[in-house]
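Student: To start, I am sharing the structure in question, which I have written as structure tokens.
The values are calculated or read from the model by the stated rules, or taken from the named source; none is laboratory data. Quantities reported herein were computed from a predicted structural model and do not represent experimental measurements. When we count neighbours, we look across all protein chains shown, and the Cβ atoms used for this are built from the backbone with ideal geometry, even at glycine.
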Amino acid sequence: MKAAIGVDIGGTDVKLGIVRHGQVLVRRSFPTASISSGPKALEEGIVAAVRSLRGSFRGKVESVGVGVPGLVRVPQGIVQTCANVKGWKNVPLQSRLRRRLGVPVRVDNDVHAMALAEWRYGAGRGVRNLVCVTLGTGVGGGFILNGKLYRSRLGPSAEIGHVAIGETGPACSCGGSACLERYVGNRDLLRILRRKLESGAKSRLPRLAGGRLDRITPEMVDRACEMGDRLAIETWEEAGCKIGLVLSKVVTLLSPDRIVIGGGLSRAGRWLFEPIRKTLRERAMHPLGKIPVVPAKLGMSAGLIGAALLGQEALNE
């Protein structure tokens with residue numbers, strides 16, 4: 001792989017890196033808040049950061065890839081929505097960056113980038129069919145099918161977080177209801193947990209949070225699990241069962257070789273993965289319930305590496 005710059009747009013920071021052969025050689029970042037005024041500010045921030053990176057690198061940068069937390073129409077690279085920046089509606093970010101940077105550019109969904117990275121260099125390496133899931137504020141997905149990243153011409157694809165897990169449930173921003181994300185997305189998972197505590201459920205969590213229920217974090221839930229806290233353990237069990245239920249539908253349809261799960265909530269480890277695997281065994285068509293479910297390997301570098309791979313795609317066109 002030739003050197004490429006990956007750009008990963010996150011809720012807190014926009015991360016950039018020069019990547020070669022799956023290794024991040026140089027890193028930069030700037031706060032997302034600095035470009036929250038809209039698409040033009042984000043474009044200016046990316047252009048300035050990419051030019052700075054290229055200027056500090058002795059080798060040649062062949063392409064740029066950008067992972068966006070939203071809906072992107074590919075191959076045009078038109079950003080239909082962006083979760084962390086207001087004012088986005090059908091912004092032709094790819095063509096704008098290509099014109100200003102003078103190199104091939106590919107813009108795509110950030111979870112697609114993560115799936116590419118885990119497939120090429122991480123926990124999905126060596127398989128032809130992979131389902132990749134990220135668990136964080138939202139729940140996203142990416143599919144590698146027959147050795148290629150699956151994309152829809154409409155923009156949305158592999159939106160695992162918006163698969164309904166029941167006939168009725170809380171309304172979702174996507175327009176549906178009872179979506180998986182409304183139960184296991186970071187904010188919603190903690191919201192459900194706080195309601196249980198406010199209703200009198202016993203737990204060590206209020207003490208860990210200094211008496212402030214609004215300060216409970218997933219990391220505190222993990223810590224309480226290690227202390228044997230029943231409510232904390234049940235929180236991950238319930239989330240894992242719901243994730244496993246949706247994955248049972250996915251594997252029955254696609255029969256992938258492996259499922260990779262990443263994102264901040266995946267750090268719960270066995271407390272989350274064991275109920276996912278158990279539910280998958282119980283609910284998926286035999287023998288699909290035995291498909292391996294493994295944690296992602298690339299951590300915080302996955303978005304950068306995957307975005308660089310997107311840039312490589314553009315270079316090869």
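Student: Taking interchain pairs and intrachain pairs at least six residues apart, which have beta carbon atoms under 8 angstrom, with the first residue in segment 108-134 and outside any loop (DSSP other than H, G, I, E, B) and the second of a type in the set (Phe, Trp, Tyr)?
Tutor: Note: pairs meeting the criteria are 115/143; 130/119; 130/143; 131/143; 132/119; 132/143.
Student: Condition check: surrounded by 16 or more Cβ atoms within 10 Å (Cβ to Cβ), in the same structural domain as residue 253 (by TED's automatic domain parsing) and hydrophobic (A, V, I, L, M, F, W, C). Does residue 201 satisfy that?
Tutor: Against the criterion (surrounded by 16 or more Cβ atoms within 10 Å (Cβ to Cβ), in the same structural domain as residue 253 (by TED's automatic domain parsing) and hydrophobic (A, V, I, L, M, F, W, C)), residue 201 does not qualify.
Student: Take the residues of segment 285-301 that are at pLDDT below 95 and of a type in the set (Gly, Ala, Ser): which is surrounded by the fewest Cβ atoms within 10 Å (Cβ to Cβ)?
Tutor: Within segment 285-301, the match that is surrounded by the fewest Cβ atoms within 10 Å (Cβ to Cβ) is 299.
Student: Can you tell me which residue among 280, 265, 272 is modelled with pLDDT under 95, of a type outside the set (Lys, Arg) and outside any loop (DSSP other than H, G, I, E, B)?
Tutor: On the way: 280 fails: modelled with pLDDT under 95; 272 fails: modelled with pLDDT under 95.
When all the criteria are applied, what remains is 265.
Residue-by-condition table, conditions (1) closer than 19 Å to residue 10 by Cα; (2) surrounded by fewer than 19 Cβ atoms within 10 Å (Cβ to Cβ); (3) modelled with pLDDT under 95; (4) over 14 Å from the mean Cα position of the chain (by Cα):
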| position | (1), (2), (3), (4) |
| --- | --- |
| 107 | yes, no, no, yes |
| 121 | no, no, no, yes |
| 133 | yes, no, no, no |
| 152 | no, yes, yes, yes |
| 161 | yes, no, yes, no |
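Student: Can you name every one of the strands (runs of 3 or more DSSP E) wholly within segment 7-101 that holds 2 or more residues which are of a type in the set (Ser, Thr, Tyr) and more than 17 Å from the chain's Cα centre (by Cα)?
Tutor: On the way: elements: 13-20, 23-31, 63-68.
Qualifying strands (runs of 3 or more DSSP E): none found.
Student: If we keep just the residues of segment 163-179 that are β-branched (Val, Ile, Thr) and surrounded by 17 or more Cβ atoms within 10 Å (Cβ to Cβ), which is farthest from the chain's Cα centre (by Cα)? It would help to see each step written out before you state the result.
Tutor: Within segment 163-179, the first condition is being β-branched (Val, Ile, Thr), and the residues that meet it are 163, 165, 168.
Checking the rest, the ones that are also surrounded by 17 or more Cβ atoms within 10 Å (Cβ to Cβ) come to 163, 165.
On the way: 163: 16, 165: 20 Å.
Filtering segment 163-179 for residues that are β-branched (Val, Ile, Thr) and surrounded by 17 or more Cβ atoms within 10 Å (Cβ to Cβ), the one farthest from the chain's Cα centre (by Cα) comes out as 165.
Student: Here is a follow-up. Count, please, the residues in segment 142-166 that happen to be under 23 Å from residue 19 (Cα atoms), of a type in the set (Gly, Ala, Ser) and not in a loop (DSSP other than H, G, I, E, B).
Tutor: Number satisfying all stated conditions: 1.
Student: Can you tell me which residue in segment 71-91 is farthest from residue 12 (Cα to Cα), limited to those that are in contact with a Phe, Trp or Tyr (Cβ under 7 Å, 6 or more places away or on another chain) and at pLDDT below 90? Full working, then the answer.
Tutor: Step one: filter segment 71-91 for residues in contact with a Phe, Trp or Tyr (Cβ under 7 Å, 6 or more places away or on another chain), giving 79, 81-82.
Next cut, at pLDDT below 90 only: 81-82.
Numbers: 81: 17, 82: 14 Å.
It comes out as 81.
Student: When the residues of segment 246-257 are narrowed to those that are in contact with a strand residue (DSSP E or B) (Cβ under 7 Å, 6 or more places away or on another chain) and crowded, with 21+ Cβ neighbours inside 10 Å, which ends up nearest to residue 128 (Cα to Cα)?
Tutor: Out of the qualifying residues, it is 256.
Student: Is it true that some residue in segment 163-176 is among the aliphatic types (A, V, I, L, M), touching a residue at least 40 places away in the same chain (Cβ under 8 Å) and in contact with a Phe, Trp or Tyr (Cβ under 6 Å, 6 or more places away or on another chain)? Write out each step before concluding.
Tutor: Of segment 163-176, the ones among the aliphatic types (A, V, I, L, M) are 163-165, 171.
Pick out the ones that are also touching a residue at least 40 places away in the same chain (Cβ under 8 Å) and you get 163, 165.
Applying the additional criterion that residues be in contact with a Phe, Trp or Tyr (Cβ under 6 Å, 6 or more places away or on another chain) yields none.
Checked against the condition, which is being among the aliphatic types (A, V, I, L, M), touching a residue at least 40 places away in the same chain (Cβ under 8 Å) and in contact with a Phe, Trp or Tyr (Cβ under 6 Å, 6 or more places away or on another chain), segment 163-176 yields no hits at all.
Student: Looking at 63, 56, 29, 52 in this structure, which one is of a type outside the set (Phe, Trp, Tyr) and in contact (Cβ under 8 Å) with a residue 60 or more places away in the chain?
Tutor: Numbers: 56 fails: in contact (Cβ under 8 Å) with a residue 60 or more places away in the chain; 29 fails: in contact (Cβ under 8 Å) with a residue 60 or more places away in the chain; 52 fails: in contact (Cβ under 8 Å) with a residue 60 or more places away in the chain.
Among 63, 56, 29, 52, only 63 is of a type outside the set (Phe, Trp, Tyr) and in contact (Cβ under 8 Å) with a residue 60 or more places away in the chain.
Student: Still on this structure, I have one more. Does residue 22 satisfy the criteria of being closer than 26 Å to residue 316 by Cβ and in contact with an Asp or Glu (Cβ under 6 Å, 6 or more places away or on another chain)?
Tutor: On the way: closer than 26 Å to residue 316 by Cβ: yes; in contact with an Asp or Glu (Cβ under 6 Å, 6 or more places away or on another chain): no.
Against the criterion (closer than 26 Å to residue 316 by Cβ and in contact with an Asp or Glu (Cβ under 6 Å, 6 or more places away or on another chain)), residue 22 does not qualify.
Student: Kindly evaluate residue 194 against the criterion of being modelled with pLDDT of 95 or more, in the same structural domain as residue 272 (by TED's automatic domain parsing) and surrounded by 12 or more Cβ atoms within 10 Å (Cβ to Cβ).
Tutor: Details: modelled with pLDDT of 95 or more: yes; in the same structural domain as residue 272 (by TED's automatic domain parsing): yes; surrounded by 12 or more Cβ atoms within 10 Å (Cβ to Cβ): yes.
In short, yes.
Student: A follow-up question, please. Which numbered condition trips up residue 117, out of (1) among the small types (Gly, Ala, Ser); (2) modelled with pLDDT of 95 or more; (3) in contact with a strand residue (DSSP E or B) (Cβ under 8 Å, 6 or more places away or on another chain)?
Tutor: Of everything listed in (1) among the small types (Gly, Ala, Ser); (2) modelled with pLDDT of 95 or more; (3) in contact with a strand residue (DSSP E or B) (Cβ under 8 Å, 6 or more places away or on another chain), residue 117 misses just condition (3).
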